[in-house]
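Undergrad: Got a structure for you, written out below as structure tokens; questions coming shortly.
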Amino acid sequence: MPITKDAFLRYRILDKCFRNTNVLYQIDDLVKKCNEELDKSVSRRTIYYDIEYMQSLDGWEAPIEIVKDGNRRYYRYSDPKFSIDNVQLSEAQLKQLQSSLDLVKAFAGLPQFESLNDTFAKIGLMTYNTEVEPCVSLDHNEYVEGQRHIPKLFNAIQYQTVVIINYKPFDKEPAEYKFHPQFLKQYNNRWYIFGITDDNPDQIWNFALDRIQNIETTKLPYKKIDVEWGTYFEDIIGVTNYVDKPVEEVHFIVHGKSAHYIKTKPIHESQIARWIDKEDNTLDVK
């Protein structure tokens, strides 16, 4: 079972309690400690499960012992020098981590993930076997124009910075925009930045990164717009959302070999496809 963020925080709190030689903790004390440090309610059952996990082979084989004093039962490490921070990963955990690194490393070609290479090198001193051939590849072309702008735009979104974009459409002269970047999206191996301009703050603009000639940061006040981006792209294919036009339902019939491709690889996430006649390879799509 994967370790959640909350679970890992509880393990760290319990680890600190079990290492404390000056205080003995009963189960209710451990619950109270987790509640206080996490500022949320944790049940006794959860703490019991956490202790079992920490003691298990999947966890850290922590030497947690129960000390009895009359009717009271206290929990502590039999070896006070033990800590989950000092335990080396098991072979199974190393393989799982290496698989995860293989997947994340597929992103390393993107400019905003260049720092991952240093991280992999540091982790690799202990865990990462560079001789293992990668078994995951993502659809990414590191030579697509415009990707050099991703780090600056990514940071502008994170730190809410207004930028001046010099943009050159294919069929027009260059123009400058004071732009409030909000969201980066890749579509069909091309990157786009979404946001609003000072001149037209009520309309969402998108610029293809390969047409951006230059980006300058400013100290102008930034405006964050209230947009649920998952919903924004829900009813469109591509990147342009014509908010002034109604959503249309598309309904068509596919026949032949193409029907199987459209059935297994939907054109859009809202697609509903039903076989009219599977033996005849006829698919109803809407």
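The values are calculated or read from the model by the stated rules, or taken from the named source; none is laboratory data. Quick caveat, the model's predicted, so the values are computed rather than measured. When the accessible area is computed, the model is the full protein with side chains, heavy atoms only, and any ligands, DNA or RNA have been set aside. Shrake-Rupley method; radii C 1.70, N 1.55, O 1.52, S 1.80 Å.
Undergrad: Cross-link partners among aspartates and glutamates for LYS257, C-alpha distance below 15 Å, same-chain residues fewer than 8 apart left out?
TA: Candidates past the 8-residue exclusion: ASP277, GLU279, ASP280, ASP284.
Undergrad: Continuing with the same structure: Over 19 Å between Cα atoms, which of LYS178/LYS224; LYS168/LYS224; LYS152/LYS223; LYS263/LYS286; LYS178/LYS223; LYS172/LYS219 qualify?
TA: LYS168/LYS224; LYS172/LYS219, as the Cα separations exceed 19 Å there.
Undergrad: Could you run the Karplus curve 6.51 cos²θ - 1.76 cosθ + 1.60 with θ = phi - 60° over the stretch 191-197 and give me ³J(HN,Hα) per residue in whole Hz, x for Gly and Pro?
TA: 9, 9, 10, 10, x, 10, 9
Undergrad: From the phi angles alone, apply the Karplus equation (6.51, -1.76, 1.60; θ = phi - 60°) to the stretch 166-174 and give each ³J(HN,Hα) in whole Hz, x where the residue is Gly or Pro.
TA: Going residue by residue, I get 9, 10, 10, x, 5, 10, 9, 6, x Hz, with x marking Gly and Pro.
Undergrad: Let me ask something else about it. Would you list which lysines come within 19 Å of LYS33, measuring only between C-alpha atoms, while excluding same-chain residues fewer than 8 positions from it?
TA: LYS5, LYS16
Undergrad: Return the long-range amide H neighbours of TYR25 (sequence gap of 5 or more, or a different chain), with a cut-off of under 5 Å between placed amide H atoms.
TA: Here TYR75 satisfy the definition.
Undergrad: Let me ask something else about it. Determine the share of the stretch 231-286's accessible area contributed by carbon and sulfur atoms, expressed in whole percent, with a 1.4 angstrom probe.
TA: 51 percent
Undergrad: Let me make sure I get this right: for the stretch 6-63, a, b and c are the square roots of the gyration tensor eigenvalues over alpha carbons, sorted descending. Under 1.5 in a/c it's rounded, otherwise prolate if a/b > b/c, else oblate. Which is it?
TA: Oblate shape, in that a/c is at least 1.5 and b/c is the bigger or equal ratio.
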